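The values are calculated or read from the model by the stated rules, or taken from the named source; none is laboratory data. All of these numbers come straight from a predicted model, not from anything done at the bench. Cβ placement follows ideal geometry from the backbone for every residue including glycine, while neighbour counts extend to all protein chains displayed. We work out accessible area using only protein heavy atoms, side chains counted, and drop any ligands, DNA or RNA first. Shrake-Rupley method; radii C 1.70, N 1.55, O 1.52, S 1.80 Å.
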Amino acid sequence: GVQFNIETKIDLKNPDLAPDPSTFARLVVDLVRKHGMEKRVIVQSFDFRTLKEVRKFAPELRLSALYSGAPKSFVQIAREAGSTERPVEIVSPHFSLVTIEEVHAAHDAGIQVVPWTANTPAIWRDLLDARVDAIISDDPAELIAWMKSAGLR
């Protein structure tokens, strides 16, 4: 039941450190397919160009738009990272941007919300109260222990 969250990273200030978005997407897709991991992989990125390229090469893969800017509609972020016709399946905002209203609107549009990087019980509680679909944490073992102690897992 393990899923793999693969993040592509391109530094716009140092583009020579990574392939261009199309080549990067092709390399990721080729490896995912080589290992038969299509159903177990989510590709995430702050660089929406890469997500759009992955979608072209592998429309079956789940995509997640990482986001850390000014507050913005999660549905709008999903459309910007994908398209109006086919938004990405997951929006991953910084945890501080999560509101119950945004999560509800995303869910109504069929989009999951998976915030990052939440590392304290108070933040975890707030995110669960907002009904997020999952939580990205630097300490997953502690998050799991907390969820168990709270009777949530």
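Of all residue pairs spaced 6 or more apart or on separate chains, those with beta-carbon atoms under 9 Å, a first member in segment 10-34 that is free of Cβ contacts under 8 Å to residues at least 12 places away in the same chain and more than 13 Å from R49 (Cβ to Cβ) and a second member that is surrounded by 12 or more Cβ atoms within 10 Å (Cβ to Cβ) and basic (K, R) are L17/K9. For segment 59-78, the set of residues classified as under 13 Å from the mean Cα position of the chain (by Cα) and open to solvent by 40 Å² or more (accessible area, probe 1.4 Å) consists of R62, S68, listed by residue number.
Taking the conditions (1) surrounded by fewer than 16 Cβ atoms within 10 Å (Cβ to Cβ); (2) closer than 30 Å to E101 by Cβ; (3) of a type in the set (A, V, I, L, M); (4) in contact with a Lys or Arg (Cβ under 9 Å, 6 or more places away or on another chain) in turn, A81 satisfies each one other than (1). Consider segment 37-58 and keep the residues that are over 12 Å from the mean Cα position of the chain (by Cα) and not in a helix (DSSP H, G or I). The one that is surrounded by the most Cβ atoms within 10 Å (Cβ to Cβ) is A58.
Scanning segment 79-113 for residues that are in a helix (DSSP H, G or I), of a type in the set (D, E) and under 23 Å from E53 (Cβ atoms) returns a single hit, E80.
Of the listed requirements (1) open to solvent by 40 Å² or more (accessible area, probe 1.4 Å); (2) over 21 Å from K9 (Cα atoms); (3) not acidic (D, E), H94 misses just one: (2).
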